[in-house]
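**Q** Before I ask anything, let me first share the structure, which is written out below as structure tokens.
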């Protein structure tokens, strides 16, 4: 599971934290979910985000992958909810559109644009980390657009 914390000032984004939570595949499901729970709890305690954004599952995956992603998302929602954080969900196409201006962008295109938007020296090595950062950028963009609409 990729994790990313991004801050913004106006249209400028700043990378605060990124990482990947990788439980051991051979561990029982309950232990892998607890690993994610504990890792996300640490990230929220340390970085104190004001909101959490989560990617909605992609429906074209096989049912086992969809179940695993759904369980991981439920853990993320639980941790955020227990921390009193607002949770927003975004579809994969919406995230890609927000970051690359093209909803059908490849993983590599997303990684490259995340690096550009966050002024990183190189794209994140992990596509999971890049996706987490892209979701954060998408959420910031959507939140700023919402504030602009409220003013009008």
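The values are calculated or read from the model by the stated rules, or taken from the named source; none is laboratory data. Nothing here was measured: the structure is a model prediction, and the numbers come from that model. So basically every Cβ, Gly included, is an ideal-geometry build from the backbone, and we count neighbours across all protein chains shown.
**Q** So which of 92, 124 ends up being modelled with pLDDT under 95 and under 21 Å from residue 49 (Cα atoms)?
**A** 124
**Q** Of the residues that sit in the range 60-76 and are in contact (Cβ under 8 Å) with a residue 24 or more places away in the chain and within 13 Å of the chain's Cα centre (by Cα), which one is nearest to residue 49 (Cα to Cα)?
**A** Top of the filtered list is 76.
**Q** What is the number of the single condition among (1) at pLDDT below 95; (2) at positive phi that residue 84 does not meet?
**A** Result: residue 84 passes all but (1).
**Q** Can you name the helices (runs of 4 or more DSSP H) wholly within the range 1-103 that have at least 2 residues being surrounded by fewer than 13 Cβ atoms within 10 Å (Cβ to Cβ) and out of contact with any strand residue (DSSP E or B) (no Cβ under 7 Å at 6 or more places or on another chain)?
**A** Qualifying helices (runs of 4 or more DSSP H): 29-47, 63-82.
Here's the yes/no breakdown for (1) free of Cβ contacts under 8 Å to residues at least 40 places away in the same chain; (2) at negative phi:
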position	(1), (2)
10	yes, no
16	yes, yes
25	yes, yes
54	no, yes
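**Q** So residue 135 clears everything in (1) outside any helix (DSSP H, G or I); (2) crowded, with 19+ Cβ neighbours inside 10 Å except one condition, right? Which one?
**A** (1)
**Q** Moving on to the next point. Can you tell me how many residues in the range 104-125 are surrounded by 17 or more Cβ atoms within 10 Å (Cβ to Cβ), without any contact (Cβ under 8 Å) to a residue 40 or more places away in the chain and either in contact with a strand residue (DSSP E or B) (Cβ under 6 Å, 6 or more places away or on another chain) or not in a helix (DSSP H, G or I) (or both)?
**A** Counting residues in the range 104-125 that are surrounded by 17 or more Cβ atoms within 10 Å (Cβ to Cβ), without any contact (Cβ under 8 Å) to a residue 40 or more places away in the chain and either in contact with a strand residue (DSSP E or B) (Cβ under 6 Å, 6 or more places away or on another chain) or not in a helix (DSSP H, G or I) (or both) gives 2.
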